Amino acid sequence: MRPGSRTAGSLTLLLLINGVTACADLVVKPPESDLNMEDFEAVWNAVDTIYPYLEFKQIDWDSIYTTFRPRAEAAHGDEIYRVLHDLLYQLRDGHVSYTTPGGGERYPWIPPRRLRDQGLYNPFVVRGYFEKDLQLSPNGKIEYGILPDNIGYIFLADFHKDYLIRDFPAVMRSMSATTGLILDIRQRVGGDTGNIAAVVSHFLTEPLPWFEFIYQGEPIVTTPCQPRGSSPYTNPVVVLINGLTFSAGEACTEMLKQLPHVTAVGDTTGGGSAGGTISDTGRHILPSGKRIEIGTLDLRRYDGLPWEWLGIPPDIRVVQTEADISTGRDRQIEFAIELLING
């Protein structure tokens, strides 16, 4: 799906969280070799110009500038990474990242629900509910099978690239005779709208408007998501979610929740709706060559609120604990099975 009239660039709901880096092992270069103040000003200005949730999060960005500028002035060489790390942390946004030479992307902040639920999904525990081995799609990113009582199960690894566009139709054909379906999108990273549509379209009997996209305070015109094929899946569907479900996974959940035969089960998602970018507007190369990434889109649930911080709540909350997982139980999938059998 492409935004309508705002821009010719592609729209991407960007990725996720790999972990927090404490920046403890940075190499300090001679102070004359750096562009620390130029980098600091560039980061602050980028956030001030494009970040959509300063007001929503009640962040006084001008005051933060006053606080952090002396730290930037005192930083020598790569010490500036500590300053930029702490500066970007103030946004408390799971999409915001910076890149270090040879060190990959660093995310200053991890959503609390992601931390809470990081040990509450285990694929080996899930496989214990099947009588036969689960199958893998050609790219290995979709795991699927049939549970007892003819209930289908699909686990999606992520929404990146175009593997869902290519492989999801065949997986759904294998589910056509099931009496119900579990779509597991716990532990999701981000992706793009084309892959979201590739999933949602198989459950539609009529076009479904997208949630709201806002860029620089103005709504973006979008074309509704269209049904795919002549045989949509209309039997009961349970979508499993938790705090690890994030970004594009949340977008997919929010759309599926609008359908009468879909029920979201589990726990509230991680809360990351500022990850979208229009073309490369959120990707910045700083004067020194350092890179940062900041979301530019304000994405809204169907109730008009962003899912940034708030997440997507389940229709039915089912609490799962690490003790459950350690004893080989997945209470959320058990509840989904029971719901699909007994209604």
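At a glance:
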{"item": "Qualifying residue in the stretch 122-136 (condition: surrounded by 14 or more Cβ atoms within 10 Å (Cβ to Cβ) and within 27 Å of Leu297 (Cα to Cα))", "result": "no"}
{"item": "Residue within the stretch 196-219 that is in contact (Cβ under 8 Å) with a residue 24 or more places away in the chain, buried (at least 19 other Cβ atoms within 10 Å of the Cβ) and of a type in the set (S, T, N, Q) present", "result": "yes"}
{"item": "Filter result (touching a residue at least 60 places away in the same chain (Cβ under 8 Å), among the hydroxyl-bearing types (Ser, Thr, Tyr) and within 21 Å of Ile50 (Cβ to Cβ)) within the stretch 75-122", "result": "Ser97, Tyr98, Thr99, Tyr107"}
{"item": "Candidate set: the stretch 177-193, residues that are among the hydroxyl-bearing types (Ser, Thr, Tyr) and modelled with pLDDT of 95 or more; chosen: the one surrounded by the fewest Cβ atoms within 10 Å (Cβ to Cβ)", "result": "Thr179"}
{"item": "Residues of the stretch 147-195 satisfying the condition of being acidic (Asp, Glu) and under 15 Å from Tyr129 (Cβ atoms)", "result": "Asp149, Asp184"}
{"item": "Qualifying residue in the stretch 155-173 (condition: among the hydroxyl-bearing types (Ser, Thr, Tyr), at pLDDT 95 or above and more than 22 Å from Glu308 (Cα to Cα))", "result": "no"}
{"item": "Single residue of Ile182, Ile214, Ile220 found to be over 20 Å from Trp309 (Cα atoms) and in contact with a Lys or Arg (Cβ under 8 Å, 6 or more places away or on another chain)", "result": "Ile220"}
{"item": "Any hit, the stretch 126-140, residues being in a helix (DSSP H, G or I), at pLDDT 95 or above, assigned by TED's automatic domain parsing to the domain that holds Ile333 and within 23 Å of Thr321 (Cα to Cα)", "result": "yes"}
{"item": "Residue match in the stretch 165-188 (condition: in contact (Cβ under 8 Å) with a residue 60 or more places away in the chain, small (Gly, Ala, Ser) and either in contact with a helix residue (DSSP H, G or I) (Cβ under 6 Å, 6 or more places away or on another chain) or not assigned by TED's automatic domain parsing to the domain that holds Glu254 (or both))", "result": "yes"}
{"item": "Matching option when the condition is of a type in the set (Ser, Thr, Tyr) and in contact (Cβ under 8 Å) with a residue 12 or more places away in the chain, among Thr327, Thr321", "result": "Thr321"}
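The values are calculated or read from the model by the stated rules, or taken from the named source; none is laboratory data. These numbers were taken from a predicted model, which means no experiment stands behind them. Heads up, the Cβs are rebuilt from the backbone with ideal geometry, glycines too, and the neighbour counts pull from every protein chain shown.
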